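Since the structure comes first, as structure tokens, the remarks are kept for the end.
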Amino acid sequence: MDYEGFFKERLDALRAEGRYRVFADLERRCGRFPRAYDHRIGAEVSVWCSNDYLGMGQHPAVLAAMEETLRVVGAGAGGTRNISGNSHVHLLLERELADLHQRDAALIFTSGYVANDAALSTLAREMPGMVVFSDELNHASMIAGIRNSRAEKHIFRHSDPEDLARLLASVAPERPKLVCFESVYSMDGDIAPIDELCDVAERYGAMTYLDEVHAVGLYGPRGGGIAERDGVMHRPTVIQGTLGKAFGTIGGYVAGSAALVDFLRSHAPGFIFTTSLPPALAAGALAAIRHLKSSSIERERHQARAARLKRRLAEASLPVMPSPSHIVPVLIGDPVLCKAASDELLQRHCIYVQPINYPTVPCGTERLRLTPSPLHSEDDIDALVSALSDVWTRLTLLRRAA
């Protein structure tokens, strides 16, 4: 087989379809977020697609904690948690996360993806006869974990408790069951009916696994996520989250009962055989969580900025897709035009927004996914809307969402 030819053929196909991914050459500047230096055009740009939702990646408390830990402890963790990489700050971080979600315990992983893959694959693989029920729009990391478990699985219609009930009723009552869903879905920005899905799961004796990746730090009085905001944080069996978005660093975690977390610690290969997070990163995440537990200023300003951006886009007759969350999708519906719009924004207006194409979203729903932060000013919003209007006119794009 011509291996190189195969690789090139597949890459050429992606380019022809307008789905070839081009990475930005950005340099974040501490104290300048949401500005960054783009080495491709040799100029500073305004970033509108960062998942550092609250700008905590440059917060003074986070930087101070990381700098101090780096000086005292050094760079790396020294190995896996089981051998030589279990530091005191890892334990402090897990206690803080358990408290955030009002659980007995928490377990940190090297990323949110690894947390989902390791936890879901382990839970579903190790429990004999397990059947997994997964929302059709769940993240790729959840899909990977379920697939890697090789457990029987059923896909229920997005955020549809009735369809979930129908599928659960088709499985023998005595079999263990796990229902998996997210709180905020990152591409459409919609929010799951957590309470209703938990009602159905409990009726059929199923555990529930809630991914709060795009909600932790951002919702609830202490940043515990949508479940905290809606007063249902006690209901999911497992809550999974990330340290790499609203908390501004990197890593993932799960929170649950002491026995469940210890079970994962003892059985999940994605935890057991992976070098642990550098202590400085754990310290930064710990500082971010502690800050956001006591400060609501960032969350309030974040929501205000998202609301203003949605309003301004609608006033400009731009196709903003309805979203009850902080995520602001603007529909284009064509991969080539989506990439062209992104390029125009960068080249003509020094605004960076990455195009979102298949397989991240279904074909025909290609979009620009805007993520306003508390650090975007009203002038930044006005400049973005003006730039989008110019691009929509130049490319003759549709001005209404489907």
Report, to the nearest 10°, how far helix 60-73 tilts away from the longest principal axis of the Cα atoms in the chain, using its own Cα long axis and a range of 0 to 90°. 60
How much accessible surface does residue 162 have with a 1.4 Å probe, in Å² rounded to 10? 150
Could you list the trypsin sites (Lys or Arg not before Pro) in region 119-176 that lie in coil according to DSSP, counting only those with at most 13 other Cβ atoms within 10 Å of their Cβ? 150
What list of ³J(HN,Hα) couplings, whole Hz, do you get for region 209-222 from phi and the Karplus terms 6.51, -1.76, 1.60, once you set θ to phi - 60° and write x for glycine and proline? 10, 10, 8, 10, 3, 8, 10, 4, x, 9, 10, x, x, 10
Please identify the chymotrypsin sites (Phe, Trp or Tyr not before Pro) of region 178-273 that satisfy two criteria: DSSP loop assignment and at most 15 other Cβ atoms within 10 Å. Which are they? 273
Rounded to the nearest 10 Å², the accessible area of residue 68 using a 1.4 Å probe with every protein chain kept is 90
Placed amide H near residue 152: partners under 5 Å, 5+ positions off or other chain: 132
Extending each Cα 7 Å along its Cβ direction at residue 308 and residue 296, get the distance between those two points in nm, one decimal. 2.0
For residue 245, which lysines qualify as cross-link partners when the Cα separation must be under 25 Å and same-chain residues fewer than eight apart are set aside? 293, 310, 339
Per residue of region 157-167, what does 6.51 cos²θ - 1.76 cosθ + 1.60 with θ = phi - 60° give for ³J(HN,Hα)? Whole Hz please, x for Gly and Pro, Karplus curve as stated. 4, 3, 6, 10, x, 5, 5, 4, 4, 4, 6
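With runs of 4+ DSSP H residues as the only contributors, calculate the mean residue ellipticity of the chain at 222 nm using -39,500 (n - 2.57) per run, divided by the residue total and rounded to the nearest 500.
Values: 14 runs with 170 residues, N = 402.
For the chain, the value works out to -13000 deg cm²/dmol.
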Mind pulling the angle between the C-alpha long axis of helix 378-394 and the longest principal axis of the chain? Nearest 10 degrees, somewhere in 0 to 90. 70
Among all the aspartates and glutamates, which ones have a C-alpha under 20 Å from residue 8's C-alpha, if same-chain residues fewer than 8 places away are not counted? 17
Taking H placed 1.01 Å from N in the peptide plane, check which residues at least 5 places from residue 20 or on another chain put their amide H under 5 Å from its amide H. 15
Leaving ligands and nucleic acids out of the surface, order 23, 7, 33 by accessible area at 1.4 Å, largest first. 23, 7, 33
Need the list of lysines near residue 177 for cross-linking: C-alpha distance under 29 angstrom, and skip anything on the same chain fewer than eight residues off. 153
Within the chain, what percent of beta bridges assigned by DSSP are antiparallel, to the nearest 5? 55
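The values are calculated or read from the model by the stated rules, or taken from the named source; none is laboratory data. The structure presented is a predicted model; accordingly, all values stated were derived computationally and were not measured. Here the Cβ is made from the backbone with ideal geometry for all residues, glycine too, and neighbour counts use every protein chain on show. Accessible surface is based on the protein model in full, side chains and every heavy atom, while ligands, DNA and RNA are left aside. Shrake-Rupley method; radii C 1.70, N 1.55, O 1.52, S 1.80 Å.
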